[in-house]
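Input: a single structure, listed below in structure tokens.
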Amino acid sequence: MHISRVQLVNYRNFERASFRFNKGINTVIGENGSGKTNLFRAMRLMLDDDFLRWAYRMEESDFHRGIGNWRGHWIIISIEFAEVSQDEAVQALFLHGTGVIEDEAIARATYNLIFRPNAAIRTRLAQLDEDDHAGLAAILNAVTLNDYETVFTGKSTADFSDPTVYQELVGNFETVQFPAELHPAALGARVPGIMSVSKEVCFTFIQALRDVVSEFQGQRTNPLLTLLRSKSGDLDPAVLAPITDRVNELNSEIEAIPDVGEIRADIRQTIRDAAGETYSPASLAVRSAVPGEADRLFQSLKLFVGETDDQYEGAINELSLGGANLIFLTLKLLEFKYQKAKQACANFLVIEEPEAHIHTHIQKTLFDRLSYPDTQVIYSTHSTQISEVSNIENVNILGRSGPRCEAFQPSAGLEEPKIRSIQRYLDAVRSNLLFAKSVILVEGDAEEILVPVLVKEVLGVSLDELGISLINIRSTGFENVAVLFHDDRIRRRCAIVTDLDATFFNTDPHPDDPDALKKAKEKALGSQEAGVARRTRLTAFKDGNDWISVHYAPRTFEVDFVAAGNVELTVSVLNSVYSDAATIVAATAELRSGDVATYGKRILAMASYAKKGWLAIQVAKLVTGTTRIPSYLIEAIFTAHKPLSRRVLANMIDHRLKFHTDPAVISEAQVLALRAQVEAFRAGDLQIEPLREAIIGAMAGDVIIDVLGHA
């Protein structure tokens, strides 16, 4: 038996979300604040017997903030199980309240936690006339958490993540229409407390490893103590009696040492001399702190570990962060093994961000090895190493959209061959796209190296600050990855950047052409044909998909980089490419020629001679704020990154103003006035259009004007 689906409605940062899980190992990926911890907390409310009490103690903060007034709304957490065991005891559990009967046996079961107004409140809501907003407000204003109830149901048939279904079950607050049926069949049958699923499954949760040393010090959280209790059960006083007797004897012998007695007497006398008899303690003793009680003696056991080969074994607080975390994780896994041995009807192991402070090789090894028979494992992670080895079919991605969080399944709706292709393609570098707010796909090393540097130096922000992952496809097969970005899968923007490879010199054949020129013309024409075909193919691919955009370099990246106004920058790297003085002189003249056929051939010759990636590295070293970014790249970046926040845009404008200091072009008064407008825009007191007009007037031709055109 395994969890196949989890639905969250109005719970914390989830307005409505649906997660899909499979047998074996599953991975949950998401940025900070996207709801990974809240997903696991919701699952614990239903399946962790030690956490079940919190299901009956919901707070206002448990309601999704996006609904506004929480009063009257419901929180719904629904778990669906698949492949329910045909064992008679298991069937009895689910047949009673949570199963969906298929062929006279339970194969699929639903289990729901519903936090809703009690029957009296729901009855009053149902009696309201349509559009009676005053009556609705009167009822809701008086509602408190004491008017809410927590119920568990099963055998439900409703898709709780469907807004229409929610209105049918709960009501429409805008039109003031509430259902008269207080216990609709779609909610399922109420599950008696004695049939709690949490008592029948093995559920182990391993929280994010933030302060392992303090966890070992707590009596409740110490995993070693938990293991000892789990292994030994209740301590038998008769077994420990001989040990406690010897400890008490040892304590008495320590206290009887003459020096101990003298120190005790000296302390008592010194207190009397200092404070007088009236204010001195009535009694004072120096005793051994070794516990004599059986349970406390058992709790005094501690773990000592040697990280190196020098035979030294240190306490947990002496270990490295990674070493301590690995030990903690190991003990929790052993705790799970002990629980699993009790033969529950299902086994669930939920691990929150296991990668903290752990070496990348250990992360991958850990993920590969954490596979237990008849156990469903669910991770949350920020690690590209773990995501690289994750099965893309078993991945859920969380994303934030304002106060609301969404869940995506990247393989949804894809056929098996396509899924396998994506799986092979997503190595540790490319799997970074699963974590990004938006993605830019490029075809080569030059773009991968130069684009991040250009954005940072010219615009004053990094791609990371914008939440953009730039992924080098190393080919023009963009569809292999871009297929992930779709309404049915990852709902994030993906910009494809590729070259049209249009010819930029005369390719007409001539009888007197030498062989080398013939080949060059043929190659150029072939590349141009491929570019046209690629445009046709990508246009058809993205048709109807608003999450994908395609942006073309008219010729090639290197040629269009020079054409954008970066002639002198490319001249500056000639000494890094060539050593022959005559060649450098000739190349300088060609790059400065102003003729695309001439400088285009030279920059491509440089890329071919030095290799594109190496040339890009040399150019990147010399990029400054005055370097020009080709317009198609600006278009791609700010089509992928939408909307552009006021704060980020204002920061970019401030950065660009640093390069406009010539008093012959812009006066100090103009700069001050423009800065004031930028601050007004940042504060929300000025709209973007008047700001853009002011910038065009003061900073004509600046790259920020192109950015504003896409904001």
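The values are calculated or read from the model by the stated rules, or taken from the named source; none is laboratory data. In this text, all values refer to a predicted model and were calculated from it rather than measured experimentally. Note that each Cβ is placed from the backbone with ideal geometry, even for glycine, and that neighbours are counted across all protein chains shown.
Below are the figures for this structure:
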{"item": "Test set (1) without any contact (Cβ under 8 Å) to a residue 60 or more places away in the chain; (2) more than 29 Å from Asn575 (Cβ to Cβ) - Ala610 fails condition number", "result": "(2)"}
{"item": "Selection count where residues are farther than 18 Å from Ala289 by Cα and modelled with pLDDT under 80, scope the range 242-275", "result": "6"}
{"item": "Odd one out for Thr627 among (1) assigned by TED's automatic domain parsing to the domain that holds Ile449; (2) of a type in the set (Val, Ile, Thr); (3) crowded, with 19+ Cβ neighbours inside 10 Å", "result": "(1)"}
{"item": "Filter result (of a type in the set (A, V, I, L, M, F, W, C), surrounded by 11 or more Cβ atoms within 10 Å (Cβ to Cβ) and more than 44 Å from the chain's Cα centre (by Cα)) within the range 494-524", "result": "Phe504, Phe505, Leu517, Ala520"}
{"item": "Helices (runs of 4 or more DSSP H) wholly inside the range 98-187 containing at least 2 residues that are in contact with a Cys (Cβ under 8 Å, 6 or more places away or on another chain) and over 26 Å from Ala42 (Cα atoms)", "result": "none"}
{"item": "Condition check for Gly544: under 23 Å from Glu635 (Cα atoms) and in a loop (DSSP other than H, G, I, E, B)", "result": "yes"}
{"item": "Lone qualifier among Ile705, Ile666, Ile695 - being closer than 26 Å to Thr639 by Cβ and touching a Leu at 6+ places or on another chain (Cβ under 9 Å)", "result": "Ile695"}
{"item": "Gly594 vs. criteria on the phi > 0 side of the Ramachandran plot, assigned by TED's automatic domain parsing to the domain that holds Phe557, assigned to a loop (DSSP other than H, G, I, E, B) and not hydrophobic (A, V, I, L, M, F, W, C)", "result": "yes"}
{"item": "Number of the condition not met by Ala605 [criteria: (1) assigned to a helix (DSSP H, G or I); (2) touching a Lys or Arg at 6+ places or on another chain (Cβ under 7 Å)]", "result": "(2)"}
{"item": "Sole exception among (1) more than 28 Å from Val497 (Cβ to Cβ); (2) surrounded by fewer than 17 Cβ atoms within 10 Å (Cβ to Cβ); (3) of a type outside the set (A, V, I, L, M) for Lys658, by number", "result": "(1)"}
{"item": "Enumeration of residues in the range 170-206 that are touching a residue at least 60 places away in the same chain (Cβ under 8 Å) and surrounded by fewer than 19 Cβ atoms within 10 Å (Cβ to Cβ)", "result": "Leu182, Ala189, Arg190, Pro192, Met195, Ser196, Ser198, Lys199, Glu200"}
{"item": "Residue tally, condition in a helix (DSSP H, G or I), of a type in the set (Lys, Arg) and either on the phi > 0 side of the Ramachandran plot or surrounded by fewer than 15 Cβ atoms within 10 Å (Cβ to Cβ) (or both), over the range 43-64", "result": "1"}
{"item": "Residues that are of a type outside the set (A, V, I, L, M) and part of a loop (DSSP other than H, G, I, E, B), drawn from the range 634-654", "result": "His641, Lys642, Pro643, Ser645"}
{"item": "Cβ-Cβ under 8 Å pairs, at least 6 apart or on other chains, the range 590-602 side in contact (Cβ under 8 Å) with a residue 12 or more places away in the chain, far side polar (S, T, N, Q)", "result": "Glu590/Thr598; Leu591/Thr570; Ala597/Asn506; Tyr599/Ser593"}
{"item": "Boolean, Leu686 is closer than 20 Å to Val707 by Cβ, modelled with pLDDT under 95, aliphatic (A, V, I, L, M) and part of a loop (DSSP other than H, G, I, E, B)", "result": "yes"}
{"item": "Candidate set from the range 642-668 (those that are of a type in the set (A, V, I, L, M) and at pLDDT below 90); member that is farthest from Lys456 (Cα to Cα)", "result": "Ala664"}
{"item": "Flag if Glu635 is of a type outside the set (A, V, I, L, M, F, W, C), out of contact with any Pro (no Cβ under 7 Å at 6 or more places or on another chain) and either farther than 25 Å from Leu463 by Cα or assigned by TED's automatic domain parsing to the domain that holds Val577 (or both)", "result": "no"}
{"item": "Of all residues in the range 4-27 being β-branched (Val, Ile, Thr) and modelled with pLDDT under 95, the one that is farthest from Tyr372 (Cα to Cα)", "result": "Thr27"}
{"item": "The one condition in (1) within 21 Å of the chain's Cα centre (by Cα); (2) part of a loop (DSSP other than H, G, I, E, B) that Val481 fails to fulfil", "result": "(2)"}
{"item": "Flag for Val532 being of a type outside the set (Asp, Glu) and either buried (at least 19 other Cβ atoms within 10 Å of the Cβ) or within 28 Å of Leu657 (Cα to Cα) (or both)", "result": "no"}
{"item": "Failed condition for Thr598, given (1) under 20 Å from Arg692 (Cα atoms); (2) surrounded by 15 or more Cβ atoms within 10 Å (Cβ to Cβ); (3) out of contact with any Gly (no Cβ under 6 Å at 6 or more places or on another chain)", "result": "(1)"}
{"item": "Helices (runs of 4 or more DSSP H) wholly inside the range 376-459 containing at least 3 residues that are assigned by TED's automatic domain parsing to the domain that holds His64", "result": "384-388, 416-425"}
{"item": "Any hit, the range 655-677, residues being assigned by TED's automatic domain parsing to the domain that holds Ile468 and in a loop (DSSP other than H, G, I, E, B)", "result": "no"}
{"item": "Verdict on Arg5 being surrounded by fewer than 19 Cβ atoms within 10 Å (Cβ to Cβ), part of a strand (DSSP E or B) and either out of contact with any Leu (no Cβ under 9 Å at 6 or more places or on another chain) or without any contact (Cβ under 8 Å) to a residue 24 or more places away in the chain (or both)", "result": "yes"}
